[in-house]
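Data block below; observations after.
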Amino acid sequence: DAGVIQSPRHEVTEMGQEVTLRCKPISGHDYLFWYRQTMMRGLELLIYFNNNVPIDDSGMPEDRFSAKMPNASFSTLKIQPSEPRDSAVYFCASSYNRDEQFFGPGTRLTVL
Amino acid sequence: QKEVEQNSGPLSVPEGAIASLNCTYSDRGSQSFFWYRQYSGKSPELIMFIYSNGDKEDGRFTAQLNKASQYVSLLIRDSQPSDSATYLCAAANAGKSTFGDGTTLTVKP
């Protein structure tokens, strides 16, 4: 299996622009997680899905952030409008049993 | 107080020694505990998980859990330079994982 796939790997955008991050989980994994990692705040869970349904979105920082999972093989995390403080590495992870998570390579987002 | 706290580090050990990494958590509802290894510029990789009190061994790694003390540890025996990385401790409650800030380990040849 190719593992969790994320795109793009790097994104540089200007404040106010919309940013869309994409994730393809490992086939057969029913759980998908979105994380954000910064030096200041560490690794934070933003939201997770089970069978394409959002289960816990309490980590989503504010209404500018939204996540969707239209099918079992694709999820997006959208930031609109983006702000400099959103600069971070965003990881997607998937799991077959919720607990043992396999992380993707991450998307490094820079908002100027 | 952070929900998951780890030794601030950095931790440096000589090659072949035992590295001991510690973690405490505050949420008594936490049911599952994990250790991830993260190399610089890479994504976290799960190396150990433990659900029950006691020890769990996997090769050179041993995870220890004491729910009464809300304490989790990871021992790495016969440390190798390739073990040099940041180790993240995580506690999960109903699927929601909370991570510590990590401890950076350096194994010196």
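How many of the residues making up region B:50-91 are within 15 Å of B:Leu11 (Cα to Cα), surrounded by 13 or more Cβ atoms within 10 Å (Cβ to Cβ) and hydroxyl-bearing (Ser, Thr, Tyr)?
5
Taking the condition of being of a type in the set (S, T, N, Q) and under 26 Å from A:Asn50 (Cβ atoms), how many residues in region A:73-89 meet it? Before the answer, list the steps.
Of region A:73-89, the ones of a type in the set (S, T, N, Q) are A:73, A:75-76, A:80, A:82, A:87.
Keeping just the survivors that are under 26 Å from A:Asn50 (Cβ atoms) gives A:73, A:75-76, A:80.
Result for region A:73-89: 4.
Take region A:1-25 and flag every residue that is in a strand (DSSP E or B) and at pLDDT below 95. Spell out how you get there, then give the answer.
First, the residues of region A:1-25 that are in a strand (DSSP E or B): A:5-7, A:10-13, A:19-24.
Hits for region A:1-25: nothing passes.
For region B:95-109, name all the residues that are free of Cβ contacts under 8 Å to residues at least 24 places away in the same chain and of a type in the set (Lys, Arg). Walk me through how you get there before you give the answer.
Kept after step one, since they are free of Cβ contacts under 8 Å to residues at least 24 places away in the same chain, are these residues of region B:95-109: B:95-96.
B:Lys96 - this is the single residue of region B:95-109 that is free of Cβ contacts under 8 Å to residues at least 24 places away in the same chain and of a type in the set (Lys, Arg).
Please verify whether B:Ser73 is more than 14 Å from chain A (Cβ to nearest Cβ) and in a strand (DSSP E or B), treating the condition exactly as stated.
Values: more than 14 Å from chain A (Cβ to nearest Cβ): yes; in a strand (DSSP E or B): yes.
When the stated conditions are applied, B:Ser73 passes them.
So in region A:96-112, with the set limited to residues that are within 14 Å of chain B (Cβ to nearest Cβ) and closer than 20 Å to A:Met15 by Cα, which one is surrounded by the fewest Cβ atoms within 10 Å (Cβ to Cβ)? Before you say what the answer is, go through the steps one by one.
Pass one, region A:96-112, residues within 14 Å of chain B (Cβ to nearest Cβ): A:96-108.
If we keep only those that are closer than 20 Å to A:Met15 by Cα as well, we get A:107-108.
Numbers: A:Thr107: 21, A:Arg108: 16.
Among residues in region A:96-112 that are within 14 Å of chain B (Cβ to nearest Cβ) and closer than 20 Å to A:Met15 by Cα, the one surrounded by the fewest Cβ atoms within 10 Å (Cβ to Cβ) is A:Arg108.
Starting from region B:46-62, take each residue that is basic (Lys, Arg) and list its partners that are surrounded by fewer than 15 Cβ atoms within 10 Å (Cβ to Cβ), counting only C-beta distances under 9 angstrom and pairs at least six apart or across chains.
Pairs found: B:Arg60/B:Arg77; B:Arg60/B:Asp78; B:Arg60/B:Gln80.
Kindly provide the set of residues from region A:19-35 that are farther than 14 Å from A:Ser66 by Cβ and of a type in the set (Ser, Thr, Tyr), ordered by number.
A:Ser27, A:Tyr31, A:Tyr35
Considering only residues that are surrounded by 18 or more Cβ atoms within 10 Å (Cβ to Cβ), facing chain A (nearest Cβ under 9 Å) and not in a loop (DSSP other than H, G, I, E, B), which ones fall in region B:22-49?
If the condition is that a residue be surrounded by 18 or more Cβ atoms within 10 Å (Cβ to Cβ), facing chain A (nearest Cβ under 9 Å) and not in a loop (DSSP other than H, G, I, E, B), then B:Ser32, B:Phe34, B:Tyr36, B:Gln38, B:Leu46, B:Phe49 are the ones that fit.
Only residues that are in contact (Cβ under 8 Å) with a residue 12 or more places away in the chain, more than 14 Å from chain B (Cβ to nearest Cβ), in a strand (DSSP E or B) and within 21 Å of A:Asp30 (Cβ to Cβ): list them for region A:54-95, please.
A:Ala67, A:Met69, A:Pro70, A:Asn71, A:Phe74, A:Ser75, A:Thr76, A:Leu77
Just to be sure, is B:Glu57 part of a strand (DSSP E or B), closer than 30 Å to A:Pro54 by Cα and of a type in the set (Asp, Glu)? Spell out the reasoning first.
Working: part of a strand (DSSP E or B): yes; closer than 30 Å to A:Pro54 by Cα: no; of a type in the set (Asp, Glu): yes.
Taking the combined requirement at face value, the residue does not satisfy it.
The values are calculated or read from the model by the stated rules, or taken from the named source; none is laboratory data. Please read these numbers as outputs of a predicted model, since none were measured by experiment. Cβ sites come from the backbone with ideal geometry, for glycine too, and all protein chains shown count toward neighbours.
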